[in-house]
1. Considering (1) out of contact with any helix residue (DSSP H, G or I) (no Cβ under 9 Å at 6 or more places or on another chain); (2) at pLDDT 95 or above; (3) not basic (K, R), say which one P97 fails and leave the rest.
2. Within the stretch 128-139, is even one residue touching a residue at least 40 places away in the same chain (Cβ under 8 Å), away from the ligand (no atom under 12 Å from the Cβ) and closer than 30 Å to A225 by Cβ?
3. Which numbered condition in (1) under 20 Å from T124 (Cβ atoms); (2) assigned to a loop (DSSP other than H, G, I, E, B) is the only one that Y48 fails?
4. Going by the conditions given, is V85 of a type outside the set (D, E) and either touching a His at 6+ places or on another chain (Cβ under 6 Å) or within 14 Å of V16 (Cβ to Cβ) (or both)?
5. From N137, N89, grab the single residue that is within 26 Å of A33 (Cβ to Cβ), surrounded by fewer than 18 Cβ atoms within 10 Å (Cβ to Cβ) and of a type outside the set (F, W, Y).
6. Please go through the stretch 110-126 and pick out each residue that is surrounded by fewer than 16 Cβ atoms within 10 Å (Cβ to Cβ) and either in contact with a His (Cβ under 7 Å, 6 or more places away or on another chain) or within 27 Å of P164 (Cβ to Cβ) (or both).
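The values are calculated or read from the model by the stated rules, or taken from the named source; none is laboratory data. Just so it is clear, the structure is predicted and the values come from calculations on it, not from any experiment. A quick note on method: Cβ atoms are made from the backbone with ideal geometry, for glycine too, and the neighbour counts reach across all protein chains shown.
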Amino acid sequence: MLSYQHSYHAGGPADVHKHLALVLLLAHLTAKAKPAAMIDLYAGNGIYALTAPEAQKTGEYQNGITRLWGLPDPPAAIAAYLDVVKRINPGVLSLYPGSPEIAARLLRDGDQIILNELHPGAFTALKRWAGNDPRINTHKRDGLEALLALVPPKPRRGLMLVDPSFEMKSDYADIPARLAKAFDKWREGIFMIWYPVLGDARHKPMLTGIAAIAAPSIVAEWSLAANADQGLKGTGVIVLNPPWKFDTEMTEAGAALAKLLGGKHATRWLRPAV
Ligand SMILES: C[S@@+](CC[C@H](N)C(=O)[O-])C[C@H]1O[C@@H](n2cnc3c(N)ncnc32)[C@H](O)[C@@H]1O
């Protein structure tokens, strides 16, 4: 089942939350000179035109990035994220960076960007976007299969982003099981998992499953203001093996988001570091 297309949702509240966390994590990876790798299991198109019919149809970006764009003095906690958006939009906001574009902007020569996408249309767009960037390798595999097959990356210092469309309800059970195996193969890896918060709280067993993995983990959840995004009650990010101080940074970034866009944000240890 591959009906989901991210072009309808690019730049919405969920993307803003997820990409804020991603930018914070990439800043940690690039703070040291040693090369790093990012694996993006559900990469999408790479970059999105907010003027496209899909984005215009839902208008989700207007409840997300549009409301942060043009802030005269953005809070320091979200400045690095906004800077990436500004770099691709000199002047008017018309493009939104997907996770591959964010990685390509923040990672360095000598780092590795491993992108996986199964949807034929999205994969074609992704390949076109990637061009001849020597840091990028693309794969067209099922995400859950790639979750195990692509770890550990070279270099081993790195991050994996797991943000499926969750069209398959079974993903909520399959992800913790796969992650546990991937963690056994790549104990030093940072794993970031994004999930939607829906009315029936179907993400909760997934959190319980991930908490059972013997690695420190943090969960950051933003309960959205009413009607911020059709059907979505909130958006969550779990980070396994979070870098030092990520909890404080995410707390500050989430507080800034909630202040600017409404709702409530909370960061907590799912499994504390010992
Ligand atoms: C939430 S979107 C990804 C957004 C992107 N990571 C970003 O942050 O810009 C999920 C993506 O997963 C793709 N997808 C759906 N099922 C998949 C599967 N079984 N394996 C790999 N990709 C899949 C969809 O085509 C979609 O592009």
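1. (1)
2. no
3. Here Y48 clears every test but (2).
4. Working: of a type outside the set (D, E): yes; either touching a His at 6+ places or on another chain (Cβ under 6 Å) or within 14 Å of V16 (Cβ to Cβ) (or both): yes.
Taking the combined requirement at face value, the residue satisfies it.
5. Numbers: N89 fails: within 26 Å of A33 (Cβ to Cβ).
Of the residues listed, the single one that is within 26 Å of A33 (Cβ to Cβ), surrounded by fewer than 18 Cβ atoms within 10 Å (Cβ to Cβ) and of a type outside the set (F, W, Y) is N137.
6. Quick first cut of the stretch 110-126, residues surrounded by fewer than 16 Cβ atoms within 10 Å (Cβ to Cβ) only: 110, 120-121, 124.
P120, G121, T124, listed by residue number.
Residue-by-condition table, conditions (1) charged (D, E, K, R); (2) within 11 Å of the ligand (Cβ to nearest atom):
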{"residue": "Y4", "(1), (2)": "no, yes"}
{"residue": "S7", "(1), (2)": "no, yes"}
{"residue": "L29", "(1), (2)": "no, no"}
{"residue": "A77", "(1), (2)": "no, no"}
{"residue": "R87", "(1), (2)": "yes, no"}
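For every residue, the table says whether it meets (1) at pLDDT 95 or above; (2) of a type in the set (D, E); (3) buried (at least 24 other Cβ atoms within 10 Å of the Cβ).
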{"site": "A10", "(1), (2), (3)": "yes, no, yes"}
{"site": "H17", "(1), (2), (3)": "yes, no, yes"}
{"site": "A31", "(1), (2), (3)": "yes, no, no"}
{"site": "L50", "(1), (2), (3)": "yes, no, no"}
{"site": "E54", "(1), (2), (3)": "yes, yes, no"}
{"site": "R108", "(1), (2), (3)": "yes, no, no"}
